[in-house]
Amino acid sequence: MQARKLRKFEARAADRLVFFSDAVVAIAITLLALELPVPEGATVAAFRSAVREDLDHYTAFLISFVAIAAAWGQHNRAFRYTERTDERLRTVNACWLLTIVLNPFATKLLTTEGDDTDTVGLRFGFYALLQFLAHASVIAMERRMTAQQLRDPDVPPEMIEAGDPVLYGLLLGFGLSVPLFFATQYAWVLWIVVPVTAGRISRHRTRKATAD
């Protein structure tokens with residue numbers, strides 16, 4: 001009876017960690033929207049002109065929305081079968097939350113003035129580094145769950161590892177882009193190409209293994 005109660009309390013603690021993390025993600029996305037400039041204009045032409053002037057802000061918002069959504073998706077996948085937590089897992093999760101709450105600030109940096117190579121490298125490099133750390137934190141949490149057996153023991157390992165190729169693709173894409181931003185402003189292409197390629201390779205291998 002005592003062991004059953006203990007598992008119940010541990011499961012409740014894991015749920016609280018997930019609910020709190022989800023709430024922080026929701027707040028971060030909301031803050032992104034609150035920072036969007038409102039276009040003004042007495043005519044349709046003036047309104048369109050105002051939208052074009054602030055197009056970089058709207059683009060940065062969409063980029064950050066997708067980035068946070070991707071980070072949350074990987075976090076949700078990692079915690080899907082988690083039954084217990086420990087101090088180190090909570091610490092790493094707090095580090096992951098730090099990368100999430102810094103996204104609105106990093107998004108502002110993307111739209112600041114300065115087009116020289118070093119300035120662009122610093123602004124976009126910091127943004128990419130933030131996303132890299134977010135996905136690295138998810139990997140660290142997954143390894144902690146595996147090492148300490150914090151997941152449901154009845155879940156097959158292949159279900160847990162199903163999303164790893166995309167996760168590592170995101171990590172690699174953001175990581176490689178950090179130094180490249182000091183050479184070209186188009187390094188952001190890696191944010192899309194690398195994870196998409198990793199996902200396709202993984203699906204191809206899965207279909208091939210199933211066919212064999």
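Mind checking which residues of region 142-186 are under 17 Å from Leu97 (Cα atoms) and in contact with a Phe, Trp or Tyr (Cβ under 7 Å, 6 or more places away or on another chain)?
Within region 142-186, Leu171 is the sole residue that qualifies.
Only residues in region 160-187 that are more than 17 Å from Met141 (Cβ to Cβ) and among the hydroxyl-bearing types (Ser, Thr, Tyr) count as the first member; pair them with residues that are at pLDDT 90 or above and assigned to a helix (DSSP H, G or I), Cβ under 6 angstrom, at least 6 apart or cross-chain, and list the lot.
Ser177/Ala128; Ser177/Ala187; Ser177/Leu190
Taking the conditions exactly as written (of a type in the set (Lys, Arg), at pLDDT 85 or above and part of a helix (DSSP H, G or I)), does Lys8 satisfy them or not?
no
Hey, can you tell me all the residues within region 154-184 that are β-branched (Val, Ile, Thr) and either more than 21 Å from Gly125 (Cβ to Cβ) or assigned to a helix (DSSP H, G or I) (or both)?
Val155, Ile160, Val166, Val178, listed by residue number.
Just one of Thr91, Thr99, Thr111, Thr107 is of a type in the set (S, T, N, Q) and free of Cβ contacts under 8 Å to residues at least 24 places away in the same chain; which is it?
Just one listed residue meets the conditions, Thr91.
Tell me, yes or no, whether region 70-77 has at least one residue that is touching a residue at least 24 places away in the same chain (Cβ under 8 Å), not in a helix (DSSP H, G or I) and not hydroxyl-bearing (Ser, Thr, Tyr).
Scanning region 70-77, I find no residue that is touching a residue at least 24 places away in the same chain (Cβ under 8 Å), not in a helix (DSSP H, G or I) and not hydroxyl-bearing (Ser, Thr, Tyr), so the answer is no.
I'd like the residue in region 84-107 that is crowded, with 18+ Cβ neighbours inside 10 Å and of a type outside the set (A, V, I, L, M, F, W, C) and, out of all such residues, is farthest from the chain's Cα centre (by Cα).
Arg84
Looking for something surrounded by fewer than 17 Cβ atoms within 10 Å (Cβ to Cβ), modelled with pLDDT under 90, over 14 Å from the mean Cα position of the chain (by Cα) and small (Gly, Ala, Ser) - is there at least one such residue anywhere in region 48-66?
yes
Of the residues Arg123, Arg200, Arg205, Arg143, only one is assigned to a helix (DSSP H, G or I), within 18 Å of Arg77 (Cβ to Cβ) and over 16 Å from the mean Cα position of the chain (by Cα); which?
After applying the criteria, what remains is Arg143.
Which is surrounded by fewer than 21 Cβ atoms within 10 Å (Cβ to Cβ), among the hydroxyl-bearing types (Ser, Thr, Tyr) and over 25 Å from Val194 (Cα atoms), of Thr119, Thr146?
Thr146
Tell me yes or no: at least one residue of region 151-165 is within 29 Å of Ala11 (Cβ to Cβ), buried (at least 20 other Cβ atoms within 10 Å of the Cβ), over 19 Å from the mean Cα position of the chain (by Cα) and not acidic (Asp, Glu).
yes
The values are calculated or read from the model by the stated rules, or taken from the named source; none is laboratory data. Predicted model only: the values in this text are computed from it and were never measured. Positions of Cβ are generated from backbone atoms using ideal geometry, with glycine treated the same way; all protein chains shown enter the neighbour counts.
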